[in-house]
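*Asks:* Below is the structure I would like to discuss, written out as structure tokens.
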Amino acid sequence: GVADRRHRRLLVAGLVGLAATLLTACGGSAQSADGELYGTRLDPPFSVSSTPLTDTDGRPFSLTEDTDRPLTLVFFGYTHCPDICQTVMANLSSAMTRLDDADRERVDVVLVTTDPARDTESVLATYLTHFDPDFIGLTGDLDTIVAVAKPLGVGITQGEKLPSGGYEITHGTTITGIDAADEGFVYWDEQTSSAQFAADIHTLLNQ
């Protein structure tokens, strides 16, 4: 009857409202607890190793000595990574296109390989051209890379070889922001969107 139809309408309305609430809670529009950034500020900040790695031109590159821009975003990943690395790099690349020239010129993005056995300088250089030719690629001895990653809260583990001949590499997936004082003062997780990266980069550069 009329009462049954009204009940069904109210039930549907309630479910729609619940769905909207869940979407809001899970969506990318809610900022982090500090109300300012999508990323998370670190207090105290991470220390950053000064140990140099090797860039795609074969030159030494230190995350402290050679990062002279106000903001450097560092991600540890590898070119054979099947999913997360490509997503993060694509989002960072897209974020750069969202910035105006003034912001873009004050930020660097660095990919440190976690698979130096396969990610030679030339392999890294070719890989990065698919995302942004201005991105910096670093390789080196695996033990050195592990040591550089550790103070940034990133663990790296090389797994067993697969029947295909390749092997899996487990690595932390956070992206760390290093400031002009050479401290890791903010980080983002791998689910951060390009719009969120761009918004935070603009905020951090202009605060």
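The values are calculated or read from the model by the stated rules, or taken from the named source; none is laboratory data. These figures come from a predicted structure and were not determined experimentally. Here Cβ is always computed from backbone atoms with ideal geometry, including for glycine, and neighbour counts include all displayed protein chains. Areas reflect the complete protein model, heavy atoms only, side chains present, ligands, DNA and RNA absent. Shrake-Rupley method; radii C 1.70, N 1.55, O 1.52, S 1.80 Å.
*Asks:* Touching a strand residue (DSSP E or B) at 6+ places or on another chain (Cβ under 9 Å), surrounded by 14 or more Cβ atoms within 10 Å (Cβ to Cβ), assigned to a strand (DSSP E or B) and modelled with pLDDT under 95 - does that describe any residue in the range 142-151?
*Replies:* No, the range 142-151 has no match at all.
*Asks:* Can you tell me how many residues in the range 78-109 are in a strand (DSSP E or B) and touching a Leu at 6+ places or on another chain (Cβ under 6 Å)?
*Replies:* Qualifying residue count, the range 78-109: 2.
*Asks:* Let me ask something else about it. Identify the residue in the range 62-77 that is part of a loop (DSSP other than H, G, I, E, B) and of a type outside the set (S, T, Y) and, among all such residues, is surrounded by the most Cβ atoms within 10 Å (Cβ to Cβ).
*Replies:* L63
*Asks:* Anything in the range 100-114 that is under 17 Å from the mean Cα position of the chain (by Cα) and either surrounded by fewer than 22 Cβ atoms within 10 Å (Cβ to Cβ) or not polar (S, T, N, Q) (or both)? List them, or say none.
*Replies:* R104, V107, D108, V109, V110, L111, V112
*Asks:* I want to confirm something. Restricting to the range 177-207 and keeping residues that are open to solvent by 50 Å² or more (accessible area, probe 1.4 Å) and touching a helix residue (DSSP H, G or I) at 6+ places or on another chain (Cβ under 7 Å), which single residue is modelled with the highest pLDDT?
*Replies:* So, considering only residues that are open to solvent by 50 Å² or more (accessible area, probe 1.4 Å) and touching a helix residue (DSSP H, G or I) at 6+ places or on another chain (Cβ under 7 Å), the one modelled with the highest pLDDT is H202.
*Asks:* Now for a separate question. Pick out the one residue from T174, T157, T170 that is β-branched (V, I, T), farther than 17 Å from D68 by Cα and modelled with pLDDT of 90 or more.
*Replies:* T174
*Asks:* Please work out which residue is farthest from L73 (Cα to Cα), limiting yourself to the range 122-132 and to residues that are open to solvent by 40 Å² or more (accessible area, probe 1.4 Å) and within 17 Å of the chain's Cα centre (by Cα).
*Replies:* H130
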